[in-house]
Amino acid sequence: QKDETAAMAMRSRHRETFKKYHEGCHGEIIQYYGDGTLSAFSSGVEAVACAIAIQRDLQKENTVPLRIGLHLGDIVFDGTEIYGDGVNLASRIESLAVAGSILISGKLNDELKNHPQVATKSLGYFKLKNIAKPIEVFAVASEGIKFPDRSELRGESKKEDKTIAVLPFVNMSADADNEYFSDGMTEEIINALTKIKGLKVTSRTSSFHFKNKNIPISKIGQELNVSNILEGSVRLSGNKMRITSQLIDVSDDFHFWSETFDRSIDDIFAVQDEVSLIIADKLREHVGHFKIDDLLVPAQDISAALYKKYLEGKYHLMKLDVQGTERAISIFEEVIAQQPDFALAYLGVNQGYAFLGTMGLIPAYDAFIKAKPFLDKAIELDGDLPEVQLNLAWISGWQKWDLMVKK
């Protein structure tokens, strides 16, 4: 009797809460079934707002365990019943969830991108019953909402095929100091592949986390949530370089492509473009179609020798310590002295001083004053560079604390 009374009270609270917040968010409760509810909204944003309000209310004392799944799509309503692919997908997403959470489809998540008050994070791709392709699922990460770990979800997770991580290329040169060049080559390939629409490339920071670590490819792929990995090596000898690359399918640790390039350093930009294009083409053959531009790495008006010096500066800059940053600034200034129109070197100096000031390694005001002329000059030389926009974003966040500015 006591349990039955408690269950009736919980059910009553559930329905009263649903009715209140649906009215406030212009939603319609189509039907109740058991302890579940099927609702429709004319706005995806209002649907998410309603879900958040309901979960927060029901998570108060005498918690009512509730899973919510949301999707944006077409439905059919015949006056009494609602059905269609949109309903089916929302139901499948709900079945993944844990109590207290709100899971949404990637399509609905796209509608929330201009609504920063609703925080979401991807949980990855999942294979859902009667759904042809794996679906990317997001969880609402707002305060008071349960954010589940991927391992807690009930469905069969699946990595998206068109994903890749570029691991740091190994320096195979006789001179260990040439590591700056192998790191620079890795970064340029990452930057080139990110230009391909439809291909998701892991960030430099995440990829370089695995530098010099002896970890199985399958484990790296799992941690980075990618289906493919590129690894390789670089050997410098005089004016020659040998680049070896191989693509690996994470699922079975199978090398499905490898190649060695023997080239002259004088052709560094052409080589970077050639290698990036071949990697993209071989990856496309393996995972399916995506469009590749004819040029991924444009040539720059700077000598190979001076560009190598610039890469050396970047190498020291990414050490993220005082000694490395000061060394980087010095190298960038040498590059500027020899090539005053090379915008990337000015950005390197700006980033170096900004880092020193932001981290409190030198007085912040002094650092930002020193940095500004270099950023201004870079903007004057080429304001459309992606690196310019990145530096401006850092200034908004680190110096002005304007975290909502859009660049």
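The values are calculated or read from the model by the stated rules, or taken from the named source; none is laboratory data. Everything numeric here is computed off the predicted structure, so don't read it as measured data. Quick reminder, even Gly has a Cβ in these numbers, built from the backbone with ideal geometry, and neighbours come from all protein chains shown.
Summary table below
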{"read-out": "The lone exception for Lys319 - which of (1) in contact with a Leu (Cβ under 7 Å, 6 or more places away or on another chain); (2) free of Cβ contacts under 8 Å to residues at least 12 places away in the same chain it fails", "value": "(1)"}
{"read-out": "Selection from the stretch 109-155 of residues that are outside any loop (DSSP other than H, G, I, E, B) and at positive phi", "value": "Gly124"}
{"read-out": "Residue list for the stretch 244-290, filter: touching an Asp or Glu at 6+ places or on another chain (Cβ under 8 Å) and among the polar types (S, T, N, Q)", "value": "Thr244, Ser245, Gln246, Gln272, Ser276"}
{"read-out": "Within the stretch 365-391, tally of residues that are touching a residue at least 24 places away in the same chain (Cβ under 8 Å) and among the aliphatic types (A, V, I, L, M)", "value": "5"}
{"read-out": "Matching residues in the stretch 324-342 - criterion: being surrounded by 23 or more Cβ atoms within 10 Å (Cβ to Cβ) and without any contact (Cβ under 8 Å) to a residue 24 or more places away in the chain", "value": "Ile331, Phe332"}
{"read-out": "Wholly within the stretch 168-256, helices (runs of 4 or more DSSP H) carrying at least 1 residues that are loosely packed, with under 13 Cβ neighbours inside 10 Å, more than 17 Å from the chain's Cα centre (by Cα) and among the β-branched types (Val, Ile, Thr)", "value": "none"}
{"read-out": "Top-ranked residue of the stretch 330-379 - restricted to ones that are of a type in the set (Val, Ile, Thr) and within 29 Å of the chain's Cα centre (by Cα), ranked as farthest from Ala305 (Cα to Cα)", "value": "Thr358"}
{"read-out": "Residue list for the stretch 108-127, filter: among the charged types (D, E, K, R) and either in contact (Cβ under 8 Å) with a residue 60 or more places away in the chain or over 10 Å from Ala139 (Cα atoms) (or both)", "value": "Asp110, Glu111, Lys113, Lys127"}
{"read-out": "Filter pass, Ala345 being surrounded by 22 or more Cβ atoms within 10 Å (Cβ to Cβ) and assigned by TED's automatic domain parsing to the domain that holds Tyr315", "value": "yes"}
{"read-out": "Flag for Ala7 being closer than 16 Å to Ala90 by Cα and not polar (S, T, N, Q)", "value": "no"}
{"read-out": "Scan of the stretch 282-311 for residues that are farther than 24 Å from Pro386 by Cα and in a loop (DSSP other than H, G, I, E, B), ordered by number", "value": "Gly288, His289"}
{"read-out": "Test: Ala280 is surrounded by 19 or more Cβ atoms within 10 Å (Cβ to Cβ), small (Gly, Ala, Ser) and farther than 29 Å from Gly397 by Cβ", "value": "yes"}
{"read-out": "Residue match in the stretch 390-404 (condition: in contact with a Gly (Cβ under 7 Å, 6 or more places away or on another chain) and either modelled with pLDDT of 95 or more or among the acidic types (Asp, Glu) (or both))", "value": "no"}
{"read-out": "Residue in the stretch 84-96 that is crowded, with 20+ Cβ neighbours inside 10 Å, outside any loop (DSSP other than H, G, I, E, B) and among the polar types (S, T, N, Q) present", "value": "no"}
{"read-out": "Pairs, first under 10 Å from Lys20 (Cβ atoms) and in the same structural domain as Val98 (by TED's automatic domain parsing) in the stretch 46-57, second surrounded by fewer than 24 Cβ atoms within 10 Å (Cβ to Cβ) and of a type in the set (Val, Ile, Thr), C-beta under 9 Å, six or more apart", "value": "Ala53/Thr17; Ile54/Thr17; Asp57/Thr17; Asp57/Val64"}
{"read-out": "Given (1) hydrophobic (A, V, I, L, M, F, W, C); (2) crowded, with 18+ Cβ neighbours inside 10 Å; (3) part of a strand (DSSP E or B), number of the condition Phe261 does not satisfy", "value": "(2)"}
{"read-out": "Counted residues, the stretch 10-27 - those being surrounded by fewer than 18 Cβ atoms within 10 Å (Cβ to Cβ) and under 35 Å from the mean Cα position of the chain (by Cα)", "value": "2"}
{"read-out": "Lone unmet requirement of (1) at pLDDT 85 or above; (2) more than 20 Å from Ile145 (Cα to Cα); (3) over 37 Å from the mean Cα position of the chain (by Cα) for Ala6", "value": "(1)"}
{"read-out": "Tally of residues being aromatic (Phe, Trp, Tyr) and either surrounded by 13 or more Cβ atoms within 10 Å (Cβ to Cβ) or touching a residue at least 12 places away in the same chain (Cβ under 8 Å) (or both) across the stretch 28-45", "value": "2"}
{"read-out": "The listed residue being among the charged types (D, E, K, R), modelled with pLDDT of 90 or more and in a helix (DSSP H, G or I), out of Arg56, Arg15", "value": "Arg56"}
